[in-house]
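The values are calculated or read from the model by the stated rules, or taken from the named source; none is laboratory data. Treat the numbers as computed from the prediction; the structure is a model and nothing was measured. Cβ sites come from the backbone with ideal geometry, for glycine too, and all protein chains shown count toward neighbours.
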Amino acid sequence: MDIRKELEKRILIIDGAMGTMIQRHKPTEATYRGERFKDWHIDLKNNSDILNLTQPGIVEGIHREYLEAGADIIETNTFAATSIPQADFELQEYVYEMNVEGARLARKAADDYTKKDPTKPRFVAGAIGPLNKTLSLSPDVNNPGYRAVTFDEVVTAYYEQIKGLVDGGVDVLLIETIFDTLNAKGAIFAIKKYFHDVNKPELPIMISGTITDASGRTLSGQTLEAFYISVMHAKPLSVGLNCALGAHEMRPHIEELSQIASCYVSAYPNAGLPNAMGEYDENPSDTGHYLEEWAKEGWVNIVGGCCGTTPDHIKHIAEHVKKIQPRELPVVEASF
């Protein structure tokens, strides 16, 4: 299965929020711990990645709900499955296993749906999140030169995750929710290093940044164009935006990206902006209409949902864009 061939034919649908769906199960501390970590010395609640090991049925069930809704690409439940964020739970030694199992669960579900309809192959994207420490910004306002982590530490953490995702059987690697491009560069470097070390062809890389507010910049201060230029050396399959904004707010940024990107363009916004309770209220049909408009404008190749979106949102998005041609890749003249 070649994802590029599918992207030439149609707009592909990426799944919606994993965290939103996990919360629908009303998980308790005992849910996260499972049998395996029932005596763990630190609370594990809200550590979604550990569920790959303790509640695989919940994770696989969510993947299947998104596939049933029409997703072509499902993301592994590995957003924070690196040693740096997992250090908060002292679970660093289980990181590789979290990624292998996260990939394996998604792979199993995707393969089952591909068998049901071989004309609509399903793909697994290994989710690589942004970390809870940043290379570009100081966490200490009194010491702007201080960094909580080094570039080498970031690369080492991502390298371990990438090895687990590849061993678990992903089709593409998705560096997502990027608010600090230097962290993303660490992930890109780790991917290149891993495939060089094992002497195998690289898997395609998807890159998705986050514009955090109306300024049109990432949290570390880059404009969208600067962000794009900063990551294009990776020769990604796609570049896009996710999280932080709802579709209404994300619209001008996707329009801009579609005009400058030489690769495929992805977009998976939140279900609107959070309300006073931090919850998302945008109706699936509204999200579907927004993304249909982008598709008709010829701006996108991959669409889906981020925070607050559900299988119902994905179903509406899939329905709204299924008859629309994907954005054509621009012809880029060679520069000498």
Among the numbered criteria (1) touching a helix residue (DSSP H, G or I) at 6+ places or on another chain (Cβ under 9 Å); (2) more than 22 Å from Ile175 (Cβ to Cβ), which one does Glu90 miss? (1)
Residue count for segment 119-154, restricted to those that are modelled with pLDDT of 90 or more, under 25 Å from Ser48 (Cα atoms) and surrounded by fewer than 19 Cβ atoms within 10 Å (Cβ to Cβ): 3
Looking at Glu176, is it of a type in the set (Asp, Glu) and in a helix (DSSP H, G or I)? no
Where in segment 221-297 are there helices (runs of 4 or more DSSP H), lying wholly inside it, with at least 3 residues that are without any contact (Cβ under 8 Å) to a residue 12 or more places away in the chain, β-branched (Val, Ile, Thr) and surrounded by 14 or more Cβ atoms within 10 Å (Cβ to Cβ)? none
All conditions in (1) touching a residue at least 24 places away in the same chain (Cβ under 8 Å); (2) in contact with a Ser or Thr (Cβ under 6 Å, 6 or more places away or on another chain) are true of Tyr146 except (1)
Candidate set from segment 181-220 (those that are of a type in the set (Val, Ile, Thr) and over 16 Å from His253 (Cβ atoms)); member that is surrounded by the fewest Cβ atoms within 10 Å (Cβ to Cβ): Val198
Phe189 is checked against (1) in a strand (DSSP E or B); (2) free of Cβ contacts under 8 Å to residues at least 40 places away in the same chain and fails just one. What number does that condition carry? (1)
Does Asn283 count as out of contact with any His (no Cβ under 7 Å at 6 or more places or on another chain), modelled with pLDDT of 95 or more and farther than 27 Å from Arg4 by Cβ? yes
Restricting attention to segment 169-180, and to residues there that are within 19 Å of Ile14 (Cβ to Cβ) and either acidic (Asp, Glu) or over 16 Å from the mean Cα position of the chain (by Cα) (or both), which single residue is surrounded by the fewest Cβ atoms within 10 Å (Cβ to Cβ)? Gly169
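For every residue, the table says whether it meets (1) hydrophobic (A, V, I, L, M, F, W, C); (2) farther than 30 Å from His196 by Cβ; (3) modelled with pLDDT of 95 or more.
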| position | (1), (2), (3) |
| --- | --- |
| Asp213 | no, yes, no |
| Thr223 | no, yes, no |
| Met232 | yes, no, yes |
| Glu256 | no, yes, yes |
| Ala261 | yes, no, yes |
| Gly278 | no, yes, no |
| Ala295 | yes, yes, yes |
| Ala318 | yes, yes, yes |
Criterion first (under 22 Å from Cys307 (Cβ atoms) and over 18 Å from the mean Cα position of the chain (by Cα)) does Asp111 satisfy it? no
Can we say Val166 is closer than 24 Å to Glu93 by Cβ, in contact with a strand residue (DSSP E or B) (Cβ under 9 Å, 6 or more places away or on another chain) and surrounded by fewer than 24 Cβ atoms within 10 Å (Cβ to Cβ)? yes
